[in-house]
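The values are calculated or read from the model by the stated rules, or taken from the named source; none is laboratory data. Worth saying up front: this structure is predicted, and the values here are computed from it rather than measured. Neighbour counts run over all protein chains shown; Cβ positions are idealised from the backbone, glycine included.
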Amino acid sequence: MTKMQASLKVAIDQAAEAQKVPMAKACAASQMAEARQQAIEDAERDGVKLYIPRIPVLVQDGREKWPSTLAEILCERPALACEANQTLMLFVSERLGLSETLQGNSMSKTLSVRARNFVQHVLASYGYDGSRIVKGTDIKRVVKNEVRLGTSAVQPLTTTFEADSIVLDGQPYKYRHRERKATEQAWHDFSIRISGVDVPLIAVLRLRNIGIGAFMAADEAALKCANPDSVARRKAINRQLDTQPRTRRRVEESGKPHSKAATDEFLGSELAGLARHWWNEMPLGRRANMGYWDMVQHLKGVGSTRSAIDATLAKLDAWVASFPDGDAPPAEEEAACQN
């Protein structure tokens with residue numbers, strides 16, 4: 001046998017070996033489908049209608065042990081808890097000796113009761129508390145946040161931070177940008193969506209008794225060990241932050257026709273609404289020389305057309321922004337702006 005023939009034989013043998021598993025799965029699936037159909041037909045002849053669900057064919061190659069294997073790897077090397085999910089599944093696949101790498105999104109799926117029991121046993125042997133494990137990602141968080149046995153009874157509520165989300169009691173909530181003027185401060189600019197309602201992040205922190213300093217430290221740590229996808233999403237949220245006050249959007253929305261007979265004039269209620277939104281945007285220290293009703297009367301005094309109101313609000317925005325927080329504008333400049 002020549003060298004070329006030997007190489008060809010090796011390639012054919014390798015190809016045949018690689019096809020063993022898929023061919024075996026296809027053969028078993030076909031036999032099960034035939035048996036399923038035959039049972040349904042036999043029952044129909046006896047006047048009974050059966051529904052037999054399709055049963056998937058799985059290969060017992062050890063991949064079902066990935067949750068407990070992941071727990072073992074993270075307990076042995078806690079520093080890996082900062083790695084991306086796909087990287088962790090690569091380590092798991094290598095330890096299990098799998099020919100194909102498991103997908104990282106498997107960690108986001110709910111674990112079976114049997115798998116959770118195995119994971120909890122592994123975590124407990126290293127002193128970790130796995131009683132609240134639900135998904136594979138929870139294994140990583142338990143190790144990353146040093147959730148030890150005996151601590152859950154003292155503080156049952158857990159709050160952890162990712163680069164693009166906050167995790168409340170094991171449930172992640174993605175950051176969203178708030179409908180407000182951007183401050184470049186995450187606790188003011190971000191919100192999370194709970195039960196269909198946008199909740200400001202600052203409110204969540206207060207409910208969880210977390211100070212701004214503690215959040216900043218945790219957020220900085222989360223960004224350092226975040227995967228590229230999370231960092232990219234965080235940057236995308238920052239780009240979406242609105243540098244335009246809500247008042248400006250109210251003006252634009254008010255410009256939409258309310259009826260077929262809509263004109264270019266504001267209604268009295270719209271003027272009060274614009275004043276309220278502009279007033280709410282103004283920091284407390286900048287309200288020294290203008291009361292709320294003064295603001296309403298001032299808007300009425302410049303005319304009721306949308307162009308006049310829009311120009312006035314733009315001038316007021318620039319006027320207020322020209323002074324640091326807490327400083328009141330000089331009376332002469334205030335008068336110049338209002339005239």
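Among the listed residues THR101, THR87, THR110, identify the single one that is surrounded by fewer than 19 Cβ atoms within 10 Å (Cβ to Cβ), under 27 Å from LYS20 (Cα atoms) and among the β-branched types (Val, Ile, Thr). Let's see the steps before the verdict.
On the way: THR87 fails: under 27 Å from LYS20 (Cα atoms); THR110 fails: under 27 Å from LYS20 (Cα atoms).
Checking each option against the conditions leaves just THR101.
Does at least one position in region 186-194 carry a residue that is exposed (fewer than 14 other Cβ atoms within 10 Å of the Cβ) and outside any strand (DSSP E or B)?
No, every residue in region 186-194 fails to be exposed (fewer than 14 other Cβ atoms within 10 Å of the Cβ) and outside any strand (DSSP E or B).
Hey, GLU146 hits all of (1) surrounded by 14 or more Cβ atoms within 10 Å (Cβ to Cβ); (2) touching a Phe, Trp or Tyr at 6+ places or on another chain (Cβ under 9 Å) but one; which does it fall short on?
Here GLU146 clears every test but (1).
Any idea which of GLN31, GLN60, GLN86, GLN37 is on the phi < 0 side of the Ramachandran plot and outside any helix (DSSP H, G or I)?
None of the other options fit; the residue is GLN60.
How many residues does region 40-57 hold that are in a loop (DSSP other than H, G, I, E, B) and more than 20 Å from PRO22 (Cβ to Cβ)?
The number of residues fulfilling the criteria is 8.
Just give me the residues in region 58-79 being among the aliphatic types (A, V, I, L, M) and surrounded by 15 or more Cβ atoms within 10 Å (Cβ to Cβ), in sequence order.
Matches in region 58-79: LEU70, ALA71, ILE73, LEU74.
Quick one: LEU8 ticks every box in (1) surrounded by 10 or more Cβ atoms within 10 Å (Cβ to Cβ); (2) modelled with pLDDT of 80 or more bar one, so which box is it?
It is condition (2) that LEU8 fails.
Right, GLY170: at pLDDT 90 or above and either surrounded by fewer than 17 Cβ atoms within 10 Å (Cβ to Cβ) or within 17 Å of the chain's Cα centre (by Cα) (or both) or not? So that I can check it myself, show each step before the final result.
Numbers: at pLDDT 90 or above: no; either surrounded by fewer than 17 Cβ atoms within 10 Å (Cβ to Cβ) or within 17 Å of the chain's Cα centre (by Cα) (or both): yes.
Criteria not met by GLY170.
How do the pairs read when you match residues in region 174-186 that are closer than 15 Å to ARG233 by Cα with residues anywhere that are part of a loop (DSSP other than H, G, I, E, B) and not small (Gly, Ala, Ser), using Cβ under 8 Å and keeping only pairs 6 or more apart or on different chains?
That search, which allows pairs on different chains as well, returns LYS174/ASP164; TYR175/ASP164; HIS177/LEU241; HIS177/ASP242; ALA186/TYR175.
Return the total of residues in region 194-209 being touching a strand residue (DSSP E or B) at 6+ places or on another chain (Cβ under 8 Å) and at pLDDT below 90. Working first, answer last.
Narrowing region 194-209 to residues touching a strand residue (DSSP E or B) at 6+ places or on another chain (Cβ under 8 Å): 194, 198-201, 204, 208.
Okay, now just the ones that are also at pLDDT below 90, so 194, 198, 208.
Here the count works out to 3.
Can you name every residue in region 173-183 that is under 10 Å from the mean Cα position of the chain (by Cα) and assigned to a strand (DSSP E or B)?
TYR173, LYS174, ARG176
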